[in-house]
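Just so it is clear, none of the values below were taken in a lab; they were calculated from the coordinates. Please read these numbers as outputs of a predicted model, since none were measured by experiment. Backbone-built Cβ (ideal geometry, glycine too); neighbour counts: all protein chains shown.
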Amino acid sequence: MSALAHKDEDRIPCKWCGTPTQMLGTKMCDGCWELETRIQSQPDLARRILDDLESESQVTELMTEVSQEWLDELAKVKQQRDDNRAKINRLNGELVRQRRSALEQYDRLIERFDRLREAVKALGDQYK
C-alpha cells in the first residue's frame, strides 16, 4: 500500500449524502463540498434555481396525476365499449335465434296449409 493511500478506516460518511469520504475535516465528499461552496457564494441564485426546479417538479407531478386520471378514464371507456359490444353480440345472437324460430314456425304453417289444401282437394275429389 502506498504512503498516500488511505485505509478504509480513514473514511467517514459525507454529512450530506453519506458517500464515504477521506475528508475528515469538512466531513463532505468532493461533490457535496463543491455544491455547498457554490451555494454559499451565490445563495440567491441557488434559491431561484431550486425554486424553478421545484415548480418544474410540481408541474411534472401534476401532469403525471392528470395523465393517470385520463388513463383511468380511458380504461373505463374501453371497458364500457367492450361491455356494449358483448351486449350487442348477445342481442344479435338472440335476434338470430328468434328469426330462426319464426322461420321454422312459418315453415310449419306452410306445411300444415299444404296438407290442409291436399286434404280439401282429396275431399273434393271424393264428392265429384
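Only one of the listed values, (i) 0.99; (ii) 1.15; (iii) 1.79, was derived from the coordinates as Rg/Rh (Cα atoms, Kirkwood Rh); which label is it? Among (i) 0.99; (ii) 1.15; (iii) 1.79, the one calculated here is (iii). A crude spin-label estimate for the pair Asp114 and Gln98, with each label 7 Å from Cα along the Cβ direction, gives 2.8 nm.
A simple rule links phi to the HN-Hα coupling: the Karplus curve 6.51 cos²θ - 1.76 cosθ + 1.60 with θ = phi - 60°, which for the range 105-117 gives 5, 4, 4, 5, 5, 5, 4, 4, 4, 4, 5, 5, 4 Hz, with x for Gly and Pro. Sequentially through the range 11-27, phi angles give Karplus couplings (6.51, -1.76, 1.60; θ = phi - 60°) of 9, 10, x, 4, 5, 9, 10, x, 5, x, 9, 8, 7, 6, x, 7, 6 Hz, Gly and Pro residues having no value and appearing as x. Between Asn84 and Asp10, the simple label model (points 7 Å from Cα in the Cβ direction) yields a spacing of 7.4 nm. Over the chain, DSSP H runs of length four or greater, each weighted -39,500 (n - 2.57), average out per residue to a 222 nm ellipticity of -28000 deg cm²/dmol. Any idea what angle helix 30-41 forms with the longest principal axis of the chain, computed on alpha-carbon atoms, 0 to 90 degrees, nearest 10? Result, in degrees: 80. Backbone amide hydrogens, once placed in the peptide plane, bring Thr21 within less than 5 Å of Ile12, Cys14, excluding anything fewer than 5 places away on its chain.
Assigning unit charges at the beta carbon (Lys, Arg +1; Asp, Glu -1) and nothing else, what dipole magnitude in debye, to the nearest 20, does the chain show about its Cα centre? Let's see the in-between values first.
Numbers: 22 positive and 25 negative charges, 334 e Å.
Dipole about the Cα centre, nearest 20: 1600 debye.
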